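Presented below is the structure to which this report refers.
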Amino acid sequence: MRLNKIAVAAVAVALVVGMTACGGSSSTASSVASSAAASSEAASSEAASEVEAQSAEYTVYNTTGTIVTELYLYDAGSEDKGENLAGEGLADGDSLVITRDVDADKQADVVYVLEFVTEDGAAQSFDTLHYEVAPLSLKSVDAAAGATAVAFEAPQN
């Protein structure tokens, strides 16, 4: 995006210099420069809106060996976990997609907690999930021992 702005500015300067050297009027050169600047701003706005359109998307796979009865994705530090995303339960081997939308200028600062509880009452969480598109395989307590409660990969079939 910066190179685009630099290229547009360079073209505008070249046109202004060319118009002045050839005896063109300064109002024409000024008009060309204004037009180039407007094009640069339009390209900049278009690129910014593309960034805003990006959503975080987590495909959550239950690889715990049992039913996940509770599943939450919430802002780190929040008291409110929100809705139980497991609904009536997420069976072993099943998956679901969780999507979140945040303004582009705030995406870099987002940190989520992914928390889940299995049918046998085992509760686990991963508390440093960032705004991204990622597969997440939920692990059983035994599989998570010494590591994290999730793996950033889809299960192998």
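A few remarks follow.
- Beta carbons closer than 9 Å, at least 6 apart along the sequence or on distinct chains, pair a first residue in the range 87-112 that is under 19 Å from E153 (Cβ atoms) and assigned by TED's automatic domain parsing to the domain that holds T63 with a second that is surrounded by fewer than 16 Cβ atoms within 10 Å (Cβ to Cβ) and of a type in the set (A, V, I, L, M) for L90/L96; S95/A154; Y112/A76.
- For the range 106-157, filtered to residues that are in a strand (DSSP E or B) and modelled with pLDDT under 90, the residue that is nearest to L73 (Cα to Cα) is V150.
- Selection status of D75, charged (D, E, K, R), assigned by TED's automatic domain parsing to the domain that holds Y131 and touching a residue at least 12 places away in the same chain (Cβ under 8 Å): yes
- Summed over the range 81-105, residues that are charged (D, E, K, R) and either closer than 11 Å to N62 by Cα or not in a loop (DSSP other than H, G, I, E, B) (or both) total 4.
- Top-ranked residue in the range 70-80 [being touching a strand residue (DSSP E or B) at 6+ places or on another chain (Cβ under 6 Å) and part of a strand (DSSP E or B); ranked as farthest from K139 (Cα to Cα)]: Y74
The values are calculated or read from the model by the stated rules, or taken from the named source; none is laboratory data. The shown structure was predicted, so the numbers you read here are calculated from the model rather than taken from an experiment. Note that we place each Cβ from the backbone using ideal geometry, even for glycine, and neighbour counts take in every protein chain shown.
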